[in-house]
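Here the structure comes first, spelled out in structure tokens, and everything after it is commentary.
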Amino acid sequence: MRVGEPAVYAERAGYDKMWHPACFVCCNCSELLVDMIYFWKKGKLYCGRHYGDSEKPRCGGCDELIFSNEYTQAEGQNWHLKHFCCFECDCILAGETYVMENDKPVCQPCYMKSYAVKCSSCQLPLEPEAQRVSYGDFHWHADPQCFKCSGCSKCLVGQRFMAVKNFLFCSVDCKKKIVV
């Protein structure tokens, strides 16, 4: 700094620190801090928001700092316990099983009611964690009761198969029995 130039002096930073007014900015977001409340921590300037972020986690739901010792972490963010909720019914999901549907958390009952695909064999919804086989728009439970040959009932899990509409076959011979 040259003599006679305007300067910003920040008492919290110590007597030997001065900045050009345009250089007195937050180290995270570069927000101009002249005439603003600023914070000095470990040799760096912070705006109020980023100083708070350096001290406490921020809730992904309400964007406020979390002062409670109890909070949850999910989907790469921190959350107040009451703010990590099902997008459909608002039930609290902290500590519960949930499914991400269209980038939104959904409880398992709402998932089963609104989003789960149905097994092409038994017509029951497929649970999110269920082993499944999918082929085009068709889905089956990956078990001998559902994923089986339509001609001979042989389990097709881990086997080669043919699909004709919603029918599954283990061989051309079984296909000939059903499809004329």
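Tabulated data for the structure shown
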{"read-out": "Matching entry among Glu11, Glu70, Glu31 (being among the acidic types (Asp, Glu) and surrounded by 13 or more Cβ atoms within 10 Å (Cβ to Cβ))", "value": "Glu31"}
{"read-out": "Selected residue (criterion: surrounded by the most Cβ atoms within 10 Å (Cβ to Cβ)) from residues of the range 110-124 that are under 25 Å from Val157 (Cα atoms) and out of contact with any His (no Cβ under 9 Å at 6 or more places or on another chain)", "value": "Ala116"}
{"read-out": "Residues of the range 74-109 satisfying the condition of being in a loop (DSSP other than H, G, I, E, B) and crowded, with 16+ Cβ neighbours inside 10 Å", "value": "His80, Phe84, Cys86, Phe87, Glu88, Leu93, Ala94"}
{"read-out": "Gly60 vs. criteria small (Gly, Ala, Ser), in contact with a Leu (Cβ under 8 Å, 6 or more places away or on another chain) and farther than 30 Å from Phe138 by Cα", "value": "no"}
{"read-out": "Residues within the range 22-59 that are in a loop (DSSP other than H, G, I, E, B), touching a strand residue (DSSP E or B) at 6+ places or on another chain (Cβ under 8 Å) and over 29 Å from Gln73 (Cβ atoms), tallied", "value": "4"}
{"read-out": "Some residue of the range 91-112 being touching a residue at least 12 places away in the same chain (Cβ under 8 Å), more than 30 Å from Pro57 (Cβ to Cβ) and hydrophobic (A, V, I, L, M, F, W, C)", "value": "yes"}
{"read-out": "Among (1) closer than 18 Å to Gly60 by Cα; (2) among the β-branched types (Val, Ile, Thr); (3) in a loop (DSSP other than H, G, I, E, B), the one test that Val157 misses", "value": "(1)"}
{"read-out": "Flag if Ser134 is within 30 Å of Met162 (Cα to Cα), crowded, with 19+ Cβ neighbours inside 10 Å and among the hydroxyl-bearing types (Ser, Thr, Tyr)", "value": "no"}
{"read-out": "So Cys62, is it more than 15 Å from the chain's Cα centre (by Cα) and in a loop (DSSP other than H, G, I, E, B)", "value": "yes"}
{"read-out": "Test: residue in the range 13-21 that is in contact (Cβ under 8 Å) with a residue 12 or more places away in the chain, part of a loop (DSSP other than H, G, I, E, B) and hydrophobic (A, V, I, L, M, F, W, C)", "value": "no"}
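We did not get these values from a lab; they are worked out from the coordinates using the rules stated. None of these values were measured; they are calculated from a predicted model. Quick reminder, even Gly has a Cβ in these numbers, built from the backbone with ideal geometry, and neighbours come from all protein chains shown.
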